1. Which loop trypsin sites (Lys or Arg not before Pro) in the range A:185-232, with loop taken from DSSP, have no more than 12 other Cβ atoms within 10 angstrom of their Cβ?
2. List the lysines whose alpha-carbon lies under 28 Å from that of A:LYS239, not counting same-chain residues fewer than 8 positions away?
3. For the range A:68-223, with equal point scatterers placed on the C-alpha atoms only and solvent neglected, what are the log10 I(q)/I(0) values from the Debye formula at q = 0.18, 0.20 1/Å, to two decimals?
4. Give the value in nm², to one decimal: projected area of the alpha carbon convex hull of the range A:134-218, averaged over all directions.
5. Relative to the present Cα-Cα distance, how much length would full extension add between A:GLN225 and A:ASN187 at 0.36 nm per residue of separation?
6. What residue among B:LEU60, B:ASN108, B:ILE119 has its Cα farthest toward the positive end of the dipole of the range B:47-155, where the charges are +1 on Lys, Arg and -1 on Asp, Glu, each on the Cβ?
7. What does the convex hull of the alpha-carbon atoms of the range B:47-128 project to on average, in nm²?
8. At q = 0.19 Å⁻¹, what is the log10 ratio I(q)/I(0) for the range B:25-81, with the Debye formula run over Cα points and no solvent?
Amino acid sequence: MDKSTWTTKVGLAQMLKGGVIMDVVTPEQARIAEDAGAVAVMALERVPADIRAHGGVARMSDPELILAIKEAVTIPVMAKVRIGHFVEAQVLEALGIDYIDESEVLTPADEEHHINKHKFRIPFVCGCRNLGEGLRRVAEGAAMLRTKGEAGTGNVVEAVRHARAVYSEIRRLQTMDEDELFTYAKNIQAPYELVRQVAETGRLPVVNFAAGGIATPADAALLMQLGVDGIFVGSGIFKSGDPAKRARAIVAATTHYNEPEIIAEVSRGLGEAMVGIEISKIPHDQLMAGRGW
Amino acid sequence: MTVGVLALQGDFREHEEMLRRIGAPTLQVRLPKHLDQVERLIIPGGESTTIGKLLAMYGLIEPLRARVREGMPVWGTCAGAILMAQRIVDGRADQPSLRLMDVTARRNAFGSQLESFEIDLPVEGLDSKPLRMVFIRAPVLEDLGDDVTPLARLEDGRVVAARQANMLATCFHPELTSDERMHRYFLEM
């Protein structure tokens, strides 16, 4: 018997495809998310919108809270660690949760190195803004990717930018000859072997979700039509007027992303969406997507 | 013979790719109208609570049950096996499901993701070469009814694959491997 293999790590992400992973800060919210059809929950103390509002250093959540959320649901539980903080990751692995998000939403602990994720039995998801960044994370052992977007803004524009970047780069790769692949790998600072694999298969080596700023069913369907495998919703659900209803609607829109009639139906009377922030109004040093290297 | 793959959520693409590789035409089933166009159905791995919810929300449960009762072959992998079981333990009491096979599915029977594993074991009905089985937060099958035949067991005796007439349930994911035998077995059912 082989435990925690690459296949089981990547495989769990495959099982989450076409689904919605929701940020929750209490066991009650976790149950609402599960009831609404979430495929997993992200357990944390503050959703990104509050992290943004409160400022200060954002760290891994209290294990007590994470365990209470794990106890409340039957679906997989994820939690975030700071970029490069491998001891927070060791702690989460010891708690026996299902996935770790090495996340730019928290304050980075290391400004040069990400966690060497190969050393862990627990799988990791990491954010990316483009193909090179995504493949660097896979080289470090990430078994799942997500766009970074700009978390806690309720503004989908950055998630769209990052998804577009990744998939257009993949399309471009497929038209290159072998000689060009070497240079391309060098230019995007990604391992040549992974670049070649993407060129041959026409897809990323791991599942890629969208995250960062998704607030409506139409946002979710937009990202799905752009080619992502599933959706993370952070602040978008529990910062809205009717979280349970909005959560169900985003789940339905993620499944039926190609059926405008269904998206229209579930979008009716959802109550107030979270308040959005224009990216250009955010001071440069408070942008989260730029964290990570 | 079009093989439907329930595409509400989960690893339906991997099933489709495997089927296409062995020459079977496929169709993604998301709504009742798609169900009328298929002769067989695979319910993929995913989250059983999510898939169950979406089955109920879009009116698929009764049409699907009716087709299976009429004899349509159906195969559930992991979450799919849970949704086919008549009884679910360690799940949500209210989780919608298809309740087709006379078995009990114990959800997350091995624990969290850290207990996910791969193993090579023989399967009744395939040739003697063991099958690579990938278990991801997997269930096991218990309390098999008289009409249910166990097809594979772990070394400790727990049942991880079973068949009842036109219904097949596996707790593992042949679609995540390159071994086509389980898919060929299903196509011959």
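1. Those that pass, being in a loop and sparsely packed, number zero.
2. A:LYS17, A:LYS70, A:LYS80, A:LYS148, A:LYS281, B:LYS53
3. -1.13, -1.28
4. Working: hull surface 23.5 nm².
Approximately 5.9 nm², given one-decimal rounding.
5. On the way: separation 38, 0.36 × 38 = 13.68 nm, distance 2.81 nm.
Between A:GLN225 and A:ASN187, full extension yields an extra 10.9 nm.
6. B:LEU60
7. Average of the hull's projected areas for the range B:47-128 equals 6.7 nm².
8. -0.65
Read-outs: derived from the displayed coordinates by stated rules, not from any lab. Here the structure is a predicted model, which is why all the values come from computation and not from measurement. Note that we place each Cβ from the backbone using ideal geometry, even for glycine, and neighbour counts take in every protein chain shown.
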